[in-house]
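Step one of this worksheet: look at the structure below.
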Amino acid sequence: MHSDSAKQCAVEGVSLAFPDAPERKVLDQIHLSIRKGESVLLLGPSGSGKSTLGYVLGGLIPRSIEAVVTGNVRVEGRVGMLFQDPEAQFCMLTAEDEIAFGLENIRIPRREMETRIDAALERFGLMSWKRRNSAEMSGGMKQKLAMACLLAMEPDIYIFDEPTANLDPASTRDVLRAIRELKQTESKTLLIIEHKVEGVIDWVDRAVLLGPDGRLLDEGMPGEVFRRRQAEIRAYGIWQPTLWKWSSRLNPTAPFPTTTKQFVDAVDSGQVPQLVELLDRETGALTAASPAAASLQDLDPIGKVPLFRAENASFSYGKGHKVWGPISFDINAGEWVAIVGPNGCGKSTLLSALMGLRNLSEGTIRLKERPLDSYSGREISQLLGFVFQNPEHQFITDTVWQEVAFGTGAPTNPEVKERVRETLVDLGLIHAANANPFSLSQGEKRRLSVATTLLSSHEALLLDEPTFGQDAHTAFELEEKLADLHQQGRTLIMVTHDMELVARRAQKVLVLAGGNLLYCGHPADLFRMEESEDSAAAEASGLLRTANLELPLAFKVRALLERKGGLLHAGLAAGEPVR
Ligand SMILES: Nc1ncnc2c1ncn2[C@@H]1O[C@H](COP(=O)(O)OP(=O)(O)OP(=O)(O)O)[C@@H](O)[C@H]1O
Ligand SMILES: Nc1ncnc2c1ncn2[C@@H]1O[C@H](COP(=O)(O)OP(=O)(O)OP(=O)(O)O)[C@@H](O)[C@H]1O
């Protein structure tokens, strides 16, 4: 036990219910204390109350959010919180004013304020936004600005609620580095809420596990908690670091590896076939044996009319701010396409252009051979479904049920009702069927926004980061639902930062960066070239770096295994990509 004086914050026997569902305990008798300088990782399935607990510690509950809370909360020092939805914390026009607003509230003198503002903008590469309207930032840039605002305040206790959900892989590493520095150089007290824990799990002092019933299940050193609670972690769908997961499948008692190399070094030749099977599962669409790859061959585009054809398309927001172009590409009917690239490169803008929501400055986009701008809004909305980056931008009804039923066109039909019910059950939303969509957790909001398109009859779905902010189960369910639609012949076009998802599912990847389309083709070519030794590979490797992307872990492990040598005959050849 820690002495009371060392505690910086503590909740003691805290239970909580929200007024619209007083019988449901979102938190149930939670005891948690955090020492000064300690860093704690809060884990739990989507909807388990992680953000709610963060709000209780940060004082937002009950100050700004109504809830019935019992038990004690004690906090020594100033708490700063990074909200899951960065937009929720902005209230000013420019990035500079946004940071200044927080600093004024804590009465920082003008001169120091200027120093802090510049340092924070510089730290996250946002200096050019100092006097620009932050409403014009991309999703990832907003997340970085929210980080800058928080760090400039220099609170005693930091709460980070999914700080990397909208970031590209390189920015994710950068933001996690900034958080880690707060611990290492300033000994700040940190509470970090994250689903995907790579880059965090190896340096935090403690992991705390919330169960789906509002109870605190376990806490302790991360490695120990993950070993002790394997059964629950799997049952509740809490993400495990992928290397830990693979390592415990191969050798349940081995220490968890901290690097890919360490993991591969510990694999002995007898375990290679089992490992290759694990890797193949992670890269399903790219391997010869997978059904997705077989169906890709049936989709030979030659001689077929593409669903979308972009020809020398360029887009600018006003004069002189070209986002991309000229770019040209085809998207074929029935393809699963991923659009990837660094934060702010124009992925969401491209999706909006494909939806006909933004007019090109030059060039054309054709939908089924007709120029997109010759379609009426009604025609487009019959053909194409859309999931916005921010789920809240698309909610139009008062309940979760209505939101899903609305898109079906026949919400009272008994068969439709059954399908709505099934969808809500599968996506873990049935408990909230009568809730207001805005009262959901962020992960629930994301699932609901995707659910609204699942029962529609659109030929193509354009999805802006459809799987972010999910636990392992809910991410799997979302991915399966999308795969079902794809099997039925729908075209899926998704913006994502999840390169593992790209590896598993995408049949075509568009890499956007610096205003150009750097790559348009099968993801296998991009990923397989990265680790081989010819000159095309060097180009691909540079391309991934330029686009702030990362090779999926399964590819890194496969490449290291190949280097380890002598393993091809052991089954690796079966996993060669289809080319
Ligand atoms: N203001 C509110 N009113 C009613 N219910 C709420 C409110 N805020 C949250 N809830 C409900 O409380 C539960 C916990 O929400 P919370 O945001 O804390 O979950 P979480 O663990 O952070 O989830 P995620 O990982 O999806 O972000 C959810 O089921 C959510 O629907
Ligand atoms: N309404 C707007 N007015 C002016 N500029 C905008 C507007 N919306 C976006 N931009 C700018 O266009 C560029 C592309 O933004 P977009 O949101 O398409 O990027 P993204 O690749 O989807 O980024 P992220 O991965 O961060 O979501 C960014 O520089 C952004 O600042």
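The values are calculated or read from the model by the stated rules, or taken from the named source; none is laboratory data. These numbers come from a predicted model, not from an experiment. Because the Cβ atoms are built from the backbone with ideal geometry, glycine has one as well, and the counts that use them run over all protein chains shown.
Take the stretch 320-365 and flag every residue that is touching a strand residue (DSSP E or B) at 6+ places or on another chain (Cβ under 7 Å), farther than 19 Å from SER376 by Cα, away from ligand 2 (no atom under 13 Å from the Cβ) and assigned to a loop (DSSP other than H, G, I, E, B). Once the filter is applied, which keeps residues that are touching a strand residue (DSSP E or B) at 6+ places or on another chain (Cβ under 7 Å), farther than 19 Å from SER376 by Cα, away from ligand 2 (no atom under 13 Å from the Cβ) and assigned to a loop (DSSP other than H, G, I, E, B), the stretch 320-365 yields ALA333, GLY334, GLU335. Residues that are of a type outside the set (Lys, Arg), at pLDDT 85 or above and outside any loop (DSSP other than H, G, I, E, B) within the stretch 538-554 comprise LEU543, LEU544, THR546, LEU553, ALA554, listed in sequence order. Can GLU392 be described as over 18 Å from ALA460 (Cβ atoms) and assigned to a helix (DSSP H, G or I)? Yes: the conditions hold for GLU392. Check MET92, MET81 and return the single one that is in contact with a Phe, Trp or Tyr (Cβ under 9 Å, 6 or more places away or on another chain), assigned by the TED database to the domain that holds GLY13 and surrounded by fewer than 17 Cβ atoms within 10 Å (Cβ to Cβ). Exactly one residue qualifies, and that residue is MET92. Of everything in the stretch 368-395 that is more than 30 Å from SER171 (Cα to Cα), touching a residue at least 24 places away in the same chain (Cβ under 8 Å) and out of contact with any strand residue (DSSP E or B) (no Cβ under 6 Å at 6 or more places or on another chain), the residue that is nearest to ligand 2 (Cβ to nearest atom) is ILE380. Screening GLU186 with (1) over 22 Å from the mean Cα position of the chain (by Cα); (2) within 15 Å of ligand 2 (Cβ to nearest atom); (3) not polar (S, T, N, Q) gives one miss only, at (2). For residues in the stretch 1-20 being surrounded by fewer than 24 Cβ atoms within 10 Å (Cβ to Cβ) and within 28 Å of the chain's Cα centre (by Cα), which is farthest from SER64 (Cα to Cα)? Per the criteria, the residue is ALA17. Answer with yes or no whether GLY346 is over 23 Å from ALA483 (Cα atoms), at pLDDT 95 or above and under 22 Å from the mean Cα position of the chain (by Cα). Yes: the conditions hold for GLY346.
Identification of strands (runs of 3 or more DSSP E) wholly contained in the stretch 1-114 with 1 or more residues that are on the phi > 0 side of the Ramachandran plot yields 7-17, 27-35, 68-75. Residue check: GLY334 meets all listed conditions (1) over 23 Å from GLY515 (Cα atoms); (2) of a type outside the set (Ser, Thr, Tyr); (3) out of contact with any Gly (no Cβ under 7 Å at 6 or more places or on another chain) but one, namely (3). Give the stretch 124-178 a look and list any residue that's crowded, with 21+ Cβ neighbours inside 10 Å, more than 18 Å from the chain's Cα centre (by Cα) and either away from ligand 2 (no atom under 13 Å from the Cβ) or outside any loop (DSSP other than H, G, I, E, B) (or both), or say none. Once the filter is applied, which keeps residues that are crowded, with 21+ Cβ neighbours inside 10 Å, more than 18 Å from the chain's Cα centre (by Cα) and either away from ligand 2 (no atom under 13 Å from the Cβ) or outside any loop (DSSP other than H, G, I, E, B) (or both), the stretch 124-178 yields TRP129, SER134, ALA148, CYS149, LEU150, LEU151, ALA152, ILE157, TYR158, ILE159.
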